[in-house]
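Read the figures in this text as sums done on the coordinates, not as results from a lab. For clarity, every value in this text was computed on a predicted model and none was experimentally measured. Here Cβ is always computed from backbone atoms with ideal geometry, including for glycine, and neighbour counts include all displayed protein chains.
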Amino acid sequence: MMDQIKPRKLVRLSNAAERLDLQQSTLRAWFLARKHLDWGEMVGGKWCQEPFPPTALRLKQTTSVDVTGGHVHTVLKTISYKDEAAKEIVERFCGHVHWLVRVRDTYRVLFEDKQPSCQTLMEKTASSFFADLNRILQEYLLLECAKITDPATTGNHENFTVDCLVRNICWPDDKNILKELESLQAITEEFRSYIGPARNKLLAHLDRTAVLSGEPLGGFPEGKDKDFFDALQRICDITHKACFDKIYGYMSPIPLGGGDVISLRKTLACAVAFEKALSESSGQNNTWLYSCLEKARHEPKS
């Protein structure tokens, strides 16, 4: 039977068999009969004599492996939510979402605060810097929100995304966890539909027409970003509860040790007040204030 298949196709079959956890002889026999592999039929047990693990039945969509064309599409291997690998995935996913929550809070405090005092502080201290920071944070957040909602797989590569989290882990049926996760995933996918054009044409890639047109991309209705982040945090709580028997909990925007964006605002306010006091001082007060300023400039790091 082997002499009926060219060497290059044997290599491809070997790769496909490894990805599908099958013996090469089993996959080879099916290839000769069909020339195409349908994951839905494989997990249904219509042709494979070797039993598939029950978790394979949880794959929500059919995934094909085009052996003849030399393109092997990745088939996710599902794991139990009790598995240590699943727990690590959930822990890292929650940590990444927590990081995005902190970045978003930084942007909101600096640039969405309706109090004029914050805008005044930035204009009086480093207006150009904060204008650049505004753009940097916007582009970073939009790109990260798009990345975390990418499909579970791209070609032969698995992505660390909401889709992968939902599909790759075998969630318990008795608590309707999968149904709730899919409902929350739909909310994240809706937000992706708004920011997708910005990701595809300006952030992950630079589309010539989009750049030259100058047309803004990535806009979304007010409140949709909140819905998106609420859904992400809810996903974290559900999956963390399933794996560790406790929710992930409140994602504090304040890092350990302090020094967050609120501290920055307080420091900017002190700087503006000090500059005003310095400009209005005279005599010994002026000398003392200048000495304090020089001391602060050359004070070694603690």
> Can you give the extra length, in nm with one decimal, that the chain gains between residue 154 and residue 222 once fully stretched, where that is 0.36 nm per residue apart less the Cα-Cα distance?
Replying inline: 21.4 nm
> Around residue 170, which amide H atoms from residues at least 5 apart in sequence, or from another chain, sit under 5 Å from its own amide H, with H modelled in the peptide plane?
Replying inline: 79, 80, 81
>> Expected output is a single nm value to one decimal: the length gained when fully extending between residue 102 and residue 252, i.e. 0.36 nm times separation in residues minus the C-alpha distance. What is it?
In response: 53.3 nm
> With θ set to phi - 60° and the Karplus curve 6.51 cos²θ - 1.76 cosθ + 1.60, what are the ³J(HN,Hα) couplings of region 280-295 in order, to the nearest whole Hz, using x for Gly and Pro?
Replying inline: 9, 8, 7, x, 5, 4, 5, 5, 5, 5, 5, 5, 5, 5, 5, 5
> Hey, got a sec? Which trypsin sites (Lys or Arg not before Pro) in region 108-157 land in a DSSP loop and have at most 10 other Cβ atoms within 10 Å?
Replying inline: 114
> Short version: ³J(HN,Hα) in whole Hz for each residue of region 248-253, in order, from phi by Karplus 6.51 cos²θ - 1.76 cosθ + 1.60 (θ = phi - 60°), x for Gly and Pro, what are they?
Replying inline: 5, x, 4, 8, 5, x
>> Please list, ordered by chain and number, the residues whose modelled amide H lies under 5 Å from the amide H of residue 281; skip anything fewer than 5 residues away on the same chain.
In response: none
> What order do you get for 150, 174 when you list them from fewest to most C-beta neighbours inside 10 Å?
Replying inline: 174, 150
> Stretched out fully, how many nm does the piece from residue 112 to residue 126 gain, at 0.36 nm a residue minus the Cα gap?
Replying inline: 3.3 nm
